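A.B. asks: The following block contains the structure, expressed as structure tokens.
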Amino acid sequence: MTTVWLTGAEWLAVLRIGLGLWWLESWRHKDRKGWFERGTGIAWAREVADRHRWAPVTKGFHAVVAPRPRAMAYLVVYAELAVGLGLVAGFLTPVALVGGLLLNLLYLVLMIHDWAEQGQNAMMALISLVALLALSWQTWSLDHAIGLF
């Protein structure tokens, strides 16, 4: 399929790269010193989880995240970086898309009461799903260049 400027596959690559840049911006604007040294990110998430209207979210947070806040802070921050880099470069793209989709779904469930966060995470999850199902790594990617997928 050819459109005005690019083919359909090239537009999918643009969508994938744009999503990767969105993840990199999410990583860039994080106060990493606050997340790693003062624990601000996980402390904020704890407050949200403690007020959550779904008990399984609160229980899950306290079972998985609360016992290891420092490790979880590093996991969240560097997962966002890895997803962004993977999508922009098109390296291990299906893995990055699934990882990003899971992060967005987790954020969406945690922030179920915050409409602004819901919108962003829903859009990012939808783009991930489209890029994954449409095999967006077949154009302008390291995966395609080295024949990985």
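A.B. asks: Just from its helices, what would the mean residue ellipticity at 222 nm be for the chain, if runs of 4 or more DSSP H residues each count -39500 (n - 2.57) and the sum is divided by every residue, rounded to the nearest 500 deg cm²/dmol?
C.D. replies: -21500 deg cm²/dmol
A.B. asks: Over the chain, what is the relative contact order in percent, taking alpha-carbon pairs closer than 8 angstrom and at least six residues apart?
C.D. replies: Relative contact order for the chain comes out at 31 percent.
A.B. asks: Shifting gears a bit: Quote to one decimal, in nm, the extra length available between Trp5 and Tyr78 on full extension: 0.36 nm per residue of separation minus the C-alpha distance between them. Please list the in-between numbers first.
C.D. replies: Numbers: separation 73, 0.36 × 73 = 26.28 nm, distance 3.47 nm.
Difference between extended and current length: 22.8 nm.
A.B. asks: Right, here's the next one. May I ask you to give the percent of accessible area on segment 1-65 that is carbon plus sulfur, with a probe radius of 1.4 Å?
C.D. replies: 64
A.B. asks: Using only Cα atoms, locate the centre of segment 105-149 and the centre of segment 13-36, then give the distance between them in Å, rounded to an integer.
C.D. replies: Spelled out, the Cα-based centre of one part sits 13 Å from the other.
A.B. asks: Per residue, how much accessible area does the chain have with a 1.4 Å probe, in Å²?
C.D. replies: 57
A.B. asks: How would you rank 17-23, 127-133, highest first, on the average number of other Cβ atoms within 10 Å across their residues?
C.D. replies: 17-23, 127-133
A.B. asks: Given a Förster distance of 41 Å, report the FRET efficiency between Asp31 and Leu129 from their Cβ-Cβ distance, rounded to the nearest 0.05.
C.D. replies: E(calc), rounded to 0.05, equals 0.85.
The values are calculated or read from the model by the stated rules, or taken from the named source; none is laboratory data. Nothing here was measured: the structure is a model prediction, and the numbers come from that model. A quick note on method: Cβ atoms are made from the backbone with ideal geometry, for glycine too, and the neighbour counts reach across all protein chains shown. Surface areas here come from the heavy atoms of the whole protein model, side chains and all, with no ligands, DNA or RNA. Shrake-Rupley method; radii C 1.70, N 1.55, O 1.52, S 1.80 Å.
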